1. Any residue at all in the stretch 57-70 that's open to solvent by less than 80 Å² (accessible area, probe 1.4 Å), in contact with a Gly (Cβ under 8 Å, 6 or more places away or on another chain) and farther than 22 Å from residue 31 by Cα?
2. Find the residue count for the stretch 41-53, including only residues that are in a loop (DSSP other than H, G, I, E, B) and open to solvent by less than 80 Å² (accessible area, probe 1.4 Å).
3. Under 8 Å between Cβ atoms, which residue pairs at least 6 apart in sequence (or on different chains) link something in the stretch 2-23 that is under 11 Å from residue 70 (Cα atoms) and in contact (Cβ under 8 Å) with a residue 12 or more places away in the chain with a partner that is open to solvent by 40 Å² or more (accessible area, probe 1.4 Å) and not in a loop (DSSP other than H, G, I, E, B)?
4. For the stretch 85-139, which residues satisfy the criterion of being open to solvent by 60 Å² or more (accessible area, probe 1.4 Å) and of a type in the set (S, T, N, Q)?
5. Of the residues that make up the stretch 54-77, is at least one modelled with pLDDT under 95, aliphatic (A, V, I, L, M) and not in a loop (DSSP other than H, G, I, E, B)?
6. Within the stretch 90-139, can you find the residues that are of a type in the set (Lys, Arg) and in a loop (DSSP other than H, G, I, E, B)?
7. Let me confirm something: among 42, 35, 100, which residue is under 20 Å from residue 18 (Cβ atoms) and free of Cβ contacts under 8 Å to residues at least 40 places away in the same chain?
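The values are calculated or read from the model by the stated rules, or taken from the named source; none is laboratory data. Please read these numbers as outputs of a predicted model, since none were measured by experiment. Cβ placement follows ideal geometry from the backbone for every residue including glycine, while neighbour counts extend to all protein chains displayed. Ligands, DNA and RNA are stripped out before the accessible areas are found, and what is left, the full protein with its side chains, is counted by its heavy atoms. Shrake-Rupley method; radii C 1.70, N 1.55, O 1.52, S 1.80 Å.
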Amino acid sequence: MSDPTAHHAGITVSNLDRAVAFYTDVFDLEVVAEFAVGGEAFADAVDVAGASASFAHLAADGIRVELVEYDPEGEPMPARSLDRPGATHLGLSVDDVDAFHGDLADDVETLSGPRTTESGTTILFVRDPDGNLIEILDA
């Protein structure tokens, strides 16, 4: 049996350029690779007839954030809520959640302001332009 290691966290987006701009502007992530994939093997692997996709990989301190725009594009996900089985989110740590929140542009949607939980961790959830959830927590 092999020993798996983390490689990437994948996020499907409706507009790759807009998503890349969001993740590089808001989180200062660096684009490390951009590519496109198509063909029968890819479509079979993702179980989407005739699929092709454009990808951007962004460096996030030891793991890649993979942004993917599919063609054909599927139906949008229903509003995301963290308590729904199957819900996912990306977790990123920062030195100071309160300062990060204070520096956010007005158009970045948050679920609330920063909150310190019973465990002592300060967290903040934001949404990317497609509504994908990102948890920001103290490093």
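1. Within the stretch 57-70, none of the residues are open to solvent by less than 80 Å² (accessible area, probe 1.4 Å), in contact with a Gly (Cβ under 8 Å, 6 or more places away or on another chain) and farther than 22 Å from residue 31 by Cα.
2. 3
3. These pairs meet every condition: 12/69; 12/70; 13/69; 14/69; 15/69; 16/54; 16/69.
4. 88, 93, 116, 119
5. Yes, some residue in the stretch 54-77 is modelled with pLDDT under 95, aliphatic (A, V, I, L, M) and not in a loop (DSSP other than H, G, I, E, B).
6. none
7. 35
Matching residues to (1) among the aromatic types (Phe, Trp, Tyr); (2) more than 30 Å from residue 43 (Cα to Cα):
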{"site": "67", "(1), (2)": "no, no"}
{"site": "70", "(1), (2)": "yes, no"}
{"site": "77", "(1), (2)": "no, no"}
{"site": "99", "(1), (2)": "no, yes"}
{"site": "107", "(1), (2)": "no, yes"}
{"site": "116", "(1), (2)": "no, yes"}
{"site": "122", "(1), (2)": "no, yes"}
{"site": "125", "(1), (2)": "yes, yes"}
{"site": "134", "(1), (2)": "no, no"}
